[in-house]
Amino acid sequence: MPTIKNLTQSYGSLLLYDDFSLDLKERAVTALIGPSGCGKTTLAQVLSGLLPIESGDRSEFEQLSVSYVFQEPRLLPWLTVRENLELIHDDGEAIASILKAVSLADKADALPNTLSGGQQQRVSLARGFLYPSELMILDEPFSNLDPQLKNQMIDLFIQLWKQKNKTVLLITHDHQTALRIADELFELAMPPHCLAKHHHLSLRRENRTDQWIQDKLNEI
């Protein structure tokens, strides 16, 4: 179980985390929820190694290979969809398979600027699952999508996660997204952060109806 222990981390002069610890359950989806701008992305960058740690122990995360799905697709515009995926995986059969899974097999030779925003985000999600990582970090990957497209992307994520069964950390401000996806949900208190609430979500994802989600929102 990957664990970060006793993290102290600031953003400029603002102390975000003070003696903060978090366990991620292996082969499960853990959601970390809090309002926009509260330092969730900073934590994701610390865990992934993109940001130096000020104080604490993230050694267990340093041993993991990490894939990252950002809020924006971040595709190289001069490369085709296939070429973007070849940057992180050289198995043509695996690339063809993941593109088929995200319904973009016919866009393999397309440039990113010829794709819709939703299609670009599907490529980004495919890249996250294609990379042979032990940990996947999702940093608000559905927040810029309209409600219908967001629901489609969430369904696609669940489908791919069931196939790949990665350990996932979902960073979000959206309780509904977390309740649809997560096995474990942690809520952040105001900085300097501690974990204010923990919710274990045992109901199978396919049984999480709109009414169940609304009931959980009322409880939270």
field: Per principal axis, descending, Cα span of segment 173-220 in whole Å
entry: 36, 17, 15
message: With angles folded into 0 to 90 degrees, how steeply does helix 210-219 sit against the dominant principal axis of the chain? Use alpha carbons for both and round to 10.
response: 20 degrees
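Could you give the C-alpha radius of gyration of segment 77-132 expressed as a fraction of 2.2 N^0.38 Å, taking N as the number of residues it contains? Let's see the in-between values first.
Numbers: Rg = 9.8 Å, N = 56, 2.2 N^0.38 = 10.2 Å.
Against the empirical 2.2 N^0.38 Å value, I get 0.96 for segment 77-132.
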task: Search the structure for amide H atoms under 5 Å from the amide H of Ala31, placed 1.01 Å from N in the peptide plane, and list their residues when 5 or more places away or on another chain.
output: Leu170, Asp183, Glu184, Leu185, Phe186
- request: Return one number: the angle in degrees, 0 to 90 and rounded to the nearest 10, between the long axis of the Cα atoms of helix 117-130 and the longest principal axis of the Cα atoms of the chain.
  value: 80 degrees
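Starting from the Cα-Cα distance between Asp146 and Lys25, subtract it from 0.36 nm times their residue separation and give me the gain in nm to one decimal. Write out the running numbers ahead of the final one.
Values: separation 121, 0.36 × 121 = 43.56 nm, distance 3.03 nm.
So the chain would gain 40.5 nm between Asp146 and Lys25.
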task: Could you tell me what percent of the DSSP beta bridges with both partners in the chain are antiparallel, to the nearest 5?
output: 40 percent
query: Once both axes come from the Cα atoms, what is the angle between helix 92-101 and the longest principal axis of the chain, in degrees from 0 to 90, rounded to 10?
result: 70 degrees
- prompt: If you plug each phi of segment 2-18 into the Karplus form 6.51 cos²θ - 1.76 cosθ + 1.60 with θ = phi - 60°, what whole-Hz ³J(HN,Hα) values come out, in order, with x for Gly and Pro?
  reply: x, 9, 10, 10, 6, 6, 10, 8, 10, 10, x, 8, 8, 6, 8, 10, 9
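Too long at a 24 Å Cα-Cα cut-off: which of Lys25/Lys162; Lys107/Lys166; Lys40/Lys197? Show your work: numbers first, answer last.
Details: Lys25/Lys162 15 Å; Lys107/Lys166 26 Å; Lys40/Lys197 15 Å.
Pairs exceeding 24 Å: Lys107/Lys166.
Treat the count of other C-beta atoms within 10 Å as a stand-in for reagent exposure and order Glu93, Glu187 from fewest to most. Don't skip to the answer; put the middle values down first.
Values: Glu93 7, Glu187 16.
The order, fewest Cβ neighbours first, is Glu93, Glu187.
Bear in mind that the values in this text are calculations on the coordinates, not laboratory data. Keep in mind that what you see is a predicted model, and the values were worked out from it rather than measured. Glycine gets a Cβ as well: all are built from the backbone with ideal geometry, and neighbour counts include every protein chain shown.
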